[in-house]
1. Can you order the peptides 87-100, 22-35 by their average number of other Cβ atoms within 10 Å per residue, highest first?
2. Relative contact order (percent) for the chain, with alpha-carbon contacts under 8 angstrom and 6 or more residues of separation?
3. Distance in nm between label sites at L68 and I100, each 7 Å beyond Cα in the beta-carbon direction?
4. Run down the lysines and flag those whose C-alpha is under 22 Å from the C-alpha of K47, throwing out any fewer than 8 positions away in its chain.
5. I need the phi-derived Karplus couplings for the range 54-62: 6.51 cos²θ - 1.76 cosθ + 1.60, θ = phi - 60°, integer Hz, Gly and Pro marked x.
6. Give me log10 I(q)/I(0) at q = 0.12, 0.16 Å⁻¹ for the range 49-114, Debye formula, one equal scatterer per alpha-carbon, no solvent.
7. Is it possible to state the helix-based mean residue ellipticity at 222 nm for the chain, with each DSSP H run of 4+ residues giving -39500 (n - 2.57), the sum divided by total residues, to the nearest 500 deg cm²/dmol? What is it?
8. Taking θ = phi - 60°, what integer Hz values does the Karplus form 6.51 cos²θ - 1.76 cosθ + 1.60 yield along the range 18-23, in sequence order, with x for Gly and Pro?
Amino acid sequence: MNIQQNKQRIQEIQQITGLKPTNFADLIRVAQLIYDPRGSVASRTVKVNWLDFGIPSRVANNLRSLGLKYQYESPHVPIDLVWNELTPETRSWFIANRSILWKIEESFPALDED
């Protein structure tokens, strides 16, 4: 896919879903938390029932793999790359819950992103 096609794909995803780049950054941060809720602090023990946050187990598993892949990345991963990694169930959950992602994020200690 060339740069122009890539930009068109990103615009298409945004138009169809109503999602913005900030929503995707929030999703990456949540995925990083699901992968490692300890925030990479080995001495910290954290057990999380993601269903308490409204995240079904299959969605949490999909996001955990995304968090693993991007664990050391800035949350500003290209939209099309993130979208391609999401299962249909996770995509639906993401669209429906985009406005609460920051609340999930705020429930945990800040990660050093940059």
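The values are calculated or read from the model by the stated rules, or taken from the named source; none is laboratory data. Because the structure is a prediction, the values reported are computed rather than measured. Glycine also receives a Cβ, built like all others from the backbone with ideal geometry; neighbour counts cover every protein chain displayed. With ligands, DNA and RNA removed, areas are computed over all heavy atoms of the protein, side chains included. Shrake-Rupley method; radii C 1.70, N 1.55, O 1.52, S 1.80 Å.
1. On the way: 87-100: 15.1, 22-35: 22.8.
Going by the mean number of other Cβ atoms within 10 Å, highest first, we get 22-35, 87-100.
2. Numbers: 111 pairs, mean separation 42.3, N = 114.
The normalised contact order for the chain reaches 37 percent.
3. It works out to 2.6 nm between the two label points.
4. Excluding near neighbours in sequence, the set is K69, K103.
5. x, 9, x, 4, 5, 5, 4, 5, 4
6. Each listed q maps to, in turn, -0.31, -0.57.
7. Rounded to the nearest 500, the figure is -17500 deg cm²/dmol.
8. x, 7, 10, x, 5, 5
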